[in-house]
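The values are calculated or read from the model by the stated rules, or taken from the named source; none is laboratory data. Worth saying up front: this structure is predicted, and the values here are computed from it rather than measured. Glycine gets a Cβ as well: all are built from the backbone with ideal geometry, and neighbour counts include every protein chain shown.
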Amino acid sequence: MPLLFTGLSVFLLLSLLRFPAPLLEASMDSVVLWFNTVLPSLFPFLVAVGILLRLGAAQKMGRLLQCCMQPLFGCRGVCAFPWVLGLLSGYPMGAKMTAILYENGEISKAEACHLLSFANNPGPLFVIGTVGTAFFQSPALGYGMLAAVWLSSVVTGILLRPIFHSAQDRSATALAKPIVSEKKDILSRSIADAMETCTQIGGYIILFGVVTEAFSLWQITELAARLLGFLPISAKYVQGVIGGILEMTNGSYLLSQTEDPLLLRLCGATFLVTFGGCSILGQSRSVSACVPLRLNACILTKLLQGSLAAGFMALSFPFWAEKAKKAVTVFSMNTETAFSSFSILPISIALLLFALLGLLFAAKQ
């Protein structure tokens, strides 16, 4: 791994010397993206979640969901808080909440490492709105990808349970005692923590924005596409996969624009958004550095989850493709839409449960 980072650093330095103007522009674009989009949307959410977490919302949710978390994943109910947030909010909320619970002594080392393997996922707005609707021109396909991502999260957590939870780990978990946060300065601490997290995320967005542009300027992705020309996929598809391994959004867009079969493009995009790419992986490890899970293990678990998500997308493709054919661009009472009111029931229940927990907690204070 040190050799890899050394090579990346040398490559970046050479790129900055060879292409200073375009890489400076790429860096400025990344700063604008972070400042205008990521910071305004993520910072208030991180502050609000930080306040709830320090007031004990995770424990209250844990008591309600203990009946699900223990049989499925071998974790205590408190682990449901980062998992649910990771599903509903997107990267890197699952990793960040896992790190906070671990730092506070509310979950064990085994639980923290296990959570990082399946609780950090892309958000519904990104998958449905950006990838499904904007890239593939179909909200129905976005729902299909989201269902595949969520199902892969559950299956990954179940499959990896024996690895992270031995008999000794479970006995240690049962003896773990949460550290109750003091209620003074909760707002200030939540703001400071949220700002630090947003700054770390911004750094990775800028860095990988420059690295991605450098790959393009050196024509590395084009070269890889030519080397893999023997595969029954287009060169643009290969470029999309390679670009997505670095940064998932751009890679997903490139896949949506290729001439390859729709099923192949959807499976590739589903894999990329579930895997997250190097940029998301770096962001997640940055905000969860306190959790002693090796980078190699993080990569392998995300590869497993991404492969499962792509497989679930392939299996359910006929259903979602049929829904996509029925979709209309403008809502009308006299036309058939892609989904009935029950189609978004799982998302609605999850959001309602989270809102009720917040109200319940506020009423008890």
Residue 270 in contact (Cβ under 8 Å) with a residue 40 or more places away in the chain and surrounded by fewer than 22 Cβ atoms within 10 Å (Cβ to Cβ): no
Of the residues in the stretch 144-165, those that are of a type outside the set (A, V, I, L, M, F, W, C) and in contact with a Gly (Cβ under 7 Å, 6 or more places away or on another chain) number 2
Under 9 Å between Cβ atoms, which residue pairs at least 6 apart in sequence (or on different chains) link something in the stretch 218-231 that is in a loop (DSSP other than H, G, I, E, B) and at pLDDT 80 or above with a partner that is surrounded by fewer than 14 Cβ atoms within 10 Å (Cβ to Cβ) and not aliphatic (A, V, I, L, M)? 218/18
Verdict on residue 298 being surrounded by fewer than 22 Cβ atoms within 10 Å (Cβ to Cβ), touching a residue at least 40 places away in the same chain (Cβ under 8 Å), within 21 Å of the chain's Cα centre (by Cα) and within 27 Å of residue 95 (Cα to Cα): yes
Within the stretch 155-212, count every residue that is at pLDDT 60 or above, in a helix (DSSP H, G or I) and either among the aromatic types (Phe, Trp, Tyr) or farther than 30 Å from residue 24 by Cβ (or both). 19
Can residue 283 be described as free of Cβ contacts under 8 Å to residues at least 40 places away in the same chain, of a type in the set (S, T, N, Q), surrounded by 18 or more Cβ atoms within 10 Å (Cβ to Cβ) and farther than 29 Å from residue 322 by Cβ? no
Those residues of the stretch 255-268 which are within 16 Å of residue 132 (Cβ to Cβ), assigned to a helix (DSSP H, G or I) and not hydroxyl-bearing (Ser, Thr, Tyr), in sequence order: 255, 262, 263, 265, 266, 267, 268
Of these, 105, 129, which one is at pLDDT below 95, surrounded by fewer than 20 Cβ atoms within 10 Å (Cβ to Cβ) and on the phi < 0 side of the Ramachandran plot? 129
Per the list (1) of a type in the set (A, V, I, L, M); (2) part of a helix (DSSP H, G or I); (3) more than 18 Å from residue 139 (Cα to Cα), residue check on residue 291 breaks on (2)
Sort through 159, 116, 88 and tell me the only one that's surrounded by 24 or more Cβ atoms within 10 Å (Cβ to Cβ) and not basic (Lys, Arg). 116
Can you spot a residue in the stretch 91-102 that is touching a Cys at 6+ places or on another chain (Cβ under 6 Å), of a type outside the set (Ser, Thr, Tyr), within 26 Å of residue 198 (Cα to Cα) and touching a residue at least 24 places away in the same chain (Cβ under 8 Å)? yes
Considering residues that are touching a helix residue (DSSP H, G or I) at 6+ places or on another chain (Cβ under 7 Å), at pLDDT below 85 and of a type in the set (Gly, Ala, Ser), the number found within the stretch 51-87 is 3
Please specify each residue of the stretch 54-69 satisfying the condition of being in contact (Cβ under 8 Å) with a residue 60 or more places away in the chain and in a helix (DSSP H, G or I). 54, 57, 59, 60, 61, 64
Here is a check on your reading of the model: is residue 10 in a helix (DSSP H, G or I), farther than 16 Å from residue 97 by Cα and within 24 Å of the chain's Cα centre (by Cα)? no
Give me the pairs, please: first residue somewhere in the stretch 74-85 and assigned to a helix (DSSP H, G or I), second residue anywhere and crowded, with 23+ Cβ neighbours inside 10 Å and acidic (Asp, Glu), beta-carbon distance under 9 Å, and either six or more positions apart or on two chains. 78/106; 78/111; 79/111
